[in-house]
Amino acid sequence: PTPGLPVLAASHMRRSFGGLVAVDDVSFDVRAGEILGVLGPNGAGKSTLFNLISGTLPRSSGELSFLGQPLASVGARDMCRRGLARTFQHVKLVPDMSALENVAMGATQRGHCGLAAASLGLDRAEERRLLGWSQHLLARVGLADKAWEAAGSLPLGHQRLVEIARALAADPVLLLLDEPAAGLRANEKTDLARLLLELRADGLAILLVEHDMEFVSELADRLMVMNFGRLIACGQPGEVRANVEVQEAYLGV
Ligand code: ADP
Ligand code: MG
């Protein structure tokens, strides 16, 4: 996609759980080559918003379009095939499998090899190509030498990077990251920030949910802030941080 053009557009998105409105009339877009930060206190609806976008949770109402195509109700696998990849707030790797194999699983979600081919077993040439691609992505996130270590034995910072490599394996145009810096040490956060800036420079659209205001303010081109399911501010980081409602809702906590 052309830099600056919307990759995903959401309008009047809403999701309730019984009487609780977790996402309430949220509209925004995310553009190619930008990092859009999503901030908000615990329970603000950030993860629910991610689940609506990534097709893991049906919305109660509202519209979504992806690369200009309206999305009716689509599932997670379909969104992945269209070019959306995500990581999770709580890392979801297969702990007993190697970092490399975990990354390779991401590639089976889209493009070159279908899920069926993966579960039936690939031929040797395909398998080599897949592992080569996965190794390239591990190198990209700085973990070339960890390929054959069990994913579950890696420190949290590395596990999060493996998850990002797995998401990249699907060759996405939009990457959703749910609190990727949570629990990371300062040097790990620096590595993560550098990677995200490189991915942005490659033209990826990145939607970054973060709790760490400093981290996300430095990285994001634009910020949106949620509180009680509603979008209370969206704009340049400086402008958003100066917003009184944002300060009351978030910075004061
Ligand atoms: P955040 O990620 O911003 O911390 P969440 O999206 O996880 O917020 O949660 C928003 C609100 O929706 C919270 O009050 C949470 O308890 C509620 N919620 C989230 N998922 C569910 C669910 N599956 N069933 C019921 N309530 C939920
Ligand atoms: Mg969350």
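Points to keep in mind about this one:
- Looking only at the range 43-86, and only at residues there that are in contact with a Cys (Cβ under 9 Å, 6 or more places away or on another chain) and under 20 Å from PHE17 (Cβ atoms), the one that is nearest to ligand 2 (Cβ to nearest atom): SER54
- Selection status of ASP191, farther than 22 Å from LEU67 by Cα, assigned by TED's automatic domain parsing to the domain that holds GLY62 and within 16 Å of ligand 1 (Cβ to nearest atom): no
- Of all residues in the range 10-32, those that are over 20 Å from ASN42 (Cα atoms) have Cβ atoms under 9 Å from Cβ atoms of residues that are surrounded by 16 or more Cβ atoms within 10 Å (Cβ to Cβ) and among the aromatic types (Phe, Trp, Tyr), 6 or more apart or on another chain, in ALA10/PHE28; SER11/PHE28.
- Every residue from the range 1-20 that is surrounded by 15 or more Cβ atoms within 10 Å (Cβ to Cβ), small (Gly, Ala, Ser) and over 17 Å from ASN227 (Cα atoms): ALA9, ALA10
- Residues being of a type in the set (A, V, I, L, M), within 14 Å of LEU138 (Cα to Cα) and touching a Leu at 6+ places or on another chain (Cβ under 8 Å) - total across the range 166-195: 5
- Among residues of the range 76-102, those that are free of Cβ contacts under 8 Å to residues at least 24 places away in the same chain and either of a type in the set (A, V, I, L, M, F, W, C) or in a strand (DSSP E or B) (or both), counted: 1
- Selection within the range 39-64 - more than 26 Å from GLU239 (Cβ to Cβ) and among the polar types (S, T, N, Q): ASN51, SER54, THR56, SER60, SER61
- Filter result for SER73 (part of a loop (DSSP other than H, G, I, E, B), more than 16 Å from ligand 1 (Cβ to nearest atom) and in the same structural domain as LEU177 (by TED's automatic domain parsing)): yes
- Residue that is within 16 Å of ligand 2 (Cβ to nearest atom) and buried (at least 21 other Cβ atoms within 10 Å of the Cβ), where the choices are VAL23, VAL103: VAL23
The values are calculated or read from the model by the stated rules, or taken from the named source; none is laboratory data. In this text the structure is predicted, and so the values were computed from the model without any measurement. Reconstructed Cβ throughout: ideal geometry from the backbone, glycine too, with neighbour counts over all protein chains shown.
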